[in-house]
Amino acid sequence: MTTAAVRRSSLRPSPHSLLVFVTALAVYAGALRNGLVYDDIPLVVQNPWLRSLDTLAEAFQRPLFAFDDEPASQVDRSPAESYFRPLAHVLFFAQRALFGTTAWPYHLVLMLLHGLASLLVGWLLRECLRRPGEGLSEAGSWAALAGALLFAVHPVHTESVAWVSGCMDVAATLMVLLSVRLMVGNSGSWRWAVGAGLLWFAGLLFKEVAVVFPVVLWATDRAVGVRPARPGLRGWVLRYAPLGLGLLGYAALRLNAVGLSLPVPVGSGRTGLYPLHMLALAGKLLGKLLWPHPLVLTIPVRVPPEPTEIALGAVLLVALLGLLWWKRRDAGPAFAGCVWLLAPLLPVFFLQLRGVEAYAERFLYLPSVGFCLLAATGLRGLLERWREHARAVKLLSGGVVVVCSVLTLVRVPTWHDEISLWEDTVAMTPGQPILRGYLGAAYLKARRPEQALEELKVAAGALPRSYQIQSDLAVAYALLGRMDLAIVQFERILQLRPGEPVVIHNLGLALRRTKRMEEAVARFQEALRLAPRRADSHLELGRTLLQMGRPAEAVAPLEEALRLHPESEPARRGLQQARMALGSPP
């Protein structure tokens, strides 16, 4: 293997490395004030798989969100049904054991992972910009530093780094970079190749995008001058063969958990190819790398793509593919940059071609490695060509890093809580009723029912078959004391989901508030027939019977509520009242 230059490289701390790491932490320091939002709630706070090691084993046998066993109609089906990411649950399990549900340590861990990824990007850029036989020039060193800083502060990473659930993209990218580091830095060693295969295996278990590792490794090998000891195809096969251990292990686990399933379009009737939507998606995503403002959690769905987005996507894809073809023979840093940028986006484009809405800024975390490598390659060329203007070029590149840092600092507080997140998203993506529903739900959690009602009425009118939105609307009516409307709404929801214990329980609460006590008792009893271990329904049945002056009948449900939830103070107090009313010791 021709690896002398690579062997001299190391991850020893250097001023440049420290600057990159500290900068990566500094721009996201505001995330330490953020809470747990959106998918963080089911994945961290409500996740039943995090209760013990026994329940955690479920994460290796089922899809990412399979702990949510609510029945889904064809309309409600989600692409997440084919997501298999068990190491995300393992990471959350370890953090939950150490930190509980206190948010800032989760954000700190994610910031540290991003800092490490930024360090490895700096290493990758230095290796790729090192000229054969010459080492790393001053221009190459500055360009590598600028590229690593750009990766550390790029605003498009905010979704991945300021949102706890974004750890899947960050961790998968980190595993890919570490695997490349092991393979390139220790060429010819099967021991290190097996280690890289295990890291790849871990990356795949964090997120499927890590599947591109062999492709980006091949491009990096060519860019840094690694050649197999044996010539021809056989040499490359021998070099990459140990990596198959990681792929085989992942394939076995994935087939057991999700089979051969692929992400499906949300809703029914959305099949076929969408080439124009794919080009528009390319324009949106690649455009965010070039000009990362404004940023938004999601974009309008089921709308025709804009001609300007289609044109931009076509131009950028043609330019990247043309550069890839032009540089295919010398296979230098520009070639590697194109591969690192395009390869991780291919699965995203494939999803869009299948009709799956595939826009998310977190999808750009791994591809941005290639973008930063291309930017660093271009910067090195400018510094070497315009030596007399090198100072101005350096100032300009530093200015780009500063602007990106400011945009990131401004964007991070958007992820502070669900209200700030959905208010920003609704403002940036008008005309999407589902987003109004999310904002209404956020207002409900904050006990702001007046604002929630305004949003939920709009969402419920546009999405009459959305169980969650219709249920939230009923709760908003109840919190505002409009029980007549709440009861009608709960009854409407039961038409959507007959026999749903949660809805029946909430209907019982609304009936009790209107003094329709017998009907309330009947609803609580119905909920318990459907879900006998529902502690809340036992509690409310007992409390309703107490209010009706029937303490003897209240004792049994209150005792069962306390048995199911021994820490329930309302059940304990209710049982004491029932026993005292019967003349028994409390």
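Each residue of the stretch 379-390 in order: what ³J(HN,Hα) in whole Hz does its phi give by Karplus 6.51 cos²θ - 1.76 cosθ + 1.60, θ = phi - 60°, with x for Gly and Pro?
5, 4, x, 5, 5, 7, 7, 10, 4, 6, 10, 4
Could you work out the relative contact order of the stretch 308-377? I mean the mean sequence separation of Cα pairs under 8 Å and 6+ apart, divided by the number of residues, in percent. Don't skip to the end; give the middle numbers.
On the way: 56 pairs, mean separation 24.5, N = 70.
Over the stretch 308-377, the number comes to 35 percent.
In nm, to one decimal, how far is the modelled label at Ala581 from the one at Gln46, with both set 7 Å along Cα→Cβ?
3.3
If I take R0 = 56 Å and measure r between the Cβ atoms of Arg563 and Ser14 in this structure, what FRET efficiency does the formula 1/(1 + (r/R0)^6) give, to the nearest 0.05? Please report the intermediate quantities before stating the final value.
Working: r = 62 Å, r/R0 = 1.10.
Result of the calculation: an efficiency of 0.35.
Quick one: length gained pulling Arg227 to Glu491 fully straight, 0.36 nm per residue minus the C-alpha distance?
Stretched out fully, the Arg227 to Glu491 stretch lengthens by 88.1 nm.
Could you work out the per residue convex hull volume over the alpha carbons of the stretch 141-192, in cubic angstrom?
78
Using a 1.4 angstrom probe on heavy atoms only, work out the carbon and sulfur share of the accessible area of the chain in %. Spell out each step's value before the answer.
On the way: 16450 of 26410 Å².
Carbon and sulfur together cover 62 percent of it.
For a quick size check, give me the Cα extents of the stretch 418-582 along its three principal axes, largest first, whole Å.
Here the Cα extents, ordered largest to smallest, are 60, 30, 25 Å.
Per-residue counts of other Cβ atoms within 10 Å, averaged by peptide: what ranking do you get for 202-209, 143-150, 83-90, highest first? Mind showing how you got there, number by number?
On the way: 202-209: 24.6, 143-150: 27.6, 83-90: 21.4.
Result, highest mean Cβ count within 10 Å first: 143-150, 202-209, 83-90.
Could you grab the relative contact order for the chain? Cα pairs under 8 Å, six or more apart, rounded to a whole percent.
The normalised contact order for the chain reaches 14 percent.
Residue farthest toward the positive end of the dipole of the stretch 418-582, with Cβ of Lys/Arg at +1 and Asp/Glu at -1: which of Gln451, Ala476, Ala571?
Ala571
What accessible area per residue, rounded to a whole number of Å², is obtained for the stretch 145-251 using a probe radius of 1.4 Å?
Working: 3290 Å² over 107 residues.
Accessible area per residue: 31 Å².
Between Trp104 and Glu138, take the C-beta separation as r, use R0 = 41 Å, and let me know the FRET efficiency to the nearest 0.05.
Result of the calculation: an efficiency of 0.50.
Work out from phi, with θ = phi - 60° and the Karplus expression 6.51 cos²θ - 1.76 cosθ + 1.60, the ³J(HN,Hα) of each residue of the stretch 535-551, listed in order in whole Hz, and give x for Gly and Pro.
Per residue, the Karplus-derived 3J(HN,Hα) values read 4, 4, 5, 4, 4, 5, 5, x, 5, 5, 4, 4, 4, 7, x, 10, x Hz.
Suppose R0 equals 25 Å. What FRET efficiency, 1/(1 + (r/R0)^6) with r the Cβ-Cβ distance, do Glu519 and Gln468 give to the nearest 0.05?
For R0 = 25 Å, the calculated efficiency reads 0.50.
So what's the net charge close to Leu366: Lys and Arg +1, Asp and Glu -1, counting the other residues with Cβ under 10 Å from its Cβ?
+1
Can you give the accessible area per residue of the stretch 418-582, in Å², using a 1.4 Å probe?
Per-residue accessible area for the stretch 418-582 comes out at 48 Å².
Structure shown: which of Lys207/Lys284; Lys207/Lys288; Lys207/Lys445 lie over 26 Å apart, alpha-carbon to alpha-carbon?
Values: Lys207/Lys284 22 Å; Lys207/Lys288 22 Å; Lys207/Lys445 30 Å.
From the list (Lys207/Lys284; Lys207/Lys288; Lys207/Lys445), the Cα-Cα distance tops 26 Å for Lys207/Lys445.
Let me check I have the definition right: for the chain, take the eigenvalues of the Cα gyration tensor, multiply each by 5, take square roots. What are those semi-axes in whole Å, largest first?
53, 25, 22
Where does the stretch 440-482 land on Rg(C-alpha)/(2.2 N^0.38 Å)?
0.99
The values are calculated or read from the model by the stated rules, or taken from the named source; none is laboratory data. As the structure is a prediction and not an experimental result, all values here were calculated from the model. Quick reminder, even Gly has a Cβ in these numbers, built from the backbone with ideal geometry, and neighbours come from all protein chains shown. Just so you know, the surface numbers come from the protein's heavy atoms only, side chains and all, with ligands and any DNA or RNA stripped out. Shrake-Rupley method; radii C 1.70, N 1.55, O 1.52, S 1.80 Å.
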